[in-house]
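Values in this text are rule-based calculations from the coordinates and carry no lab data. Computed from a predicted model, the values in this text were never measured in an experiment.
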Amino acid sequence: MSWGPWQILLVLAIILILFGGKKLPELAHSLGKSLGEFKKGKEEGDKETAKPEVSEAKAAEPKQIADPKPVTPEVVG
C-alpha cells in the first residue's frame with residue numbers, strides 16, 4: 001500500500017492539531033537527534049562485529065611447517 005498525497009496531508013494535519021505549531025519544531029529537532037544517535041550506534045555495532053580483513057601480504061606468505069620427522073621405510077619380512 002502506498003501513501004498518496006491526501007493520506008500524507010491528513011496525517012500532517014492530525015499531528016499539527018495534536019501537538020500545535022509551537023511544539024512541532026522541538027519535536028522535529030528531537031527526532032533528528034534521535035535518528036543521528038541511532039545511526040551512530042548502528043555504525044559502531046557494525047564495526048565491532050566486522051571480521052578483521054587479512055592483508056594480501058599475509059595471505060600470500062606460505063605457512064611454515066615445523067620440521068617433519070623423516071620417514072623410514074619398514075621392512076616386513
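Points to keep in mind about this one:
- Stretch gain in nm, segment Val71-Ser2, where the contour uses 0.36 nm per residue and the Cα spacing is subtracted: 17.4 nm
- One chain, two ends: Glu44 and Gln64. Fully extended at 0.36 nm per residue, the span grows by 3.6 nm beyond their Cα-Cα distance.
- Shape category assigned to segment 1-45 from the gyration tensor of Cα positions, a/c cut at 1.5: oblate
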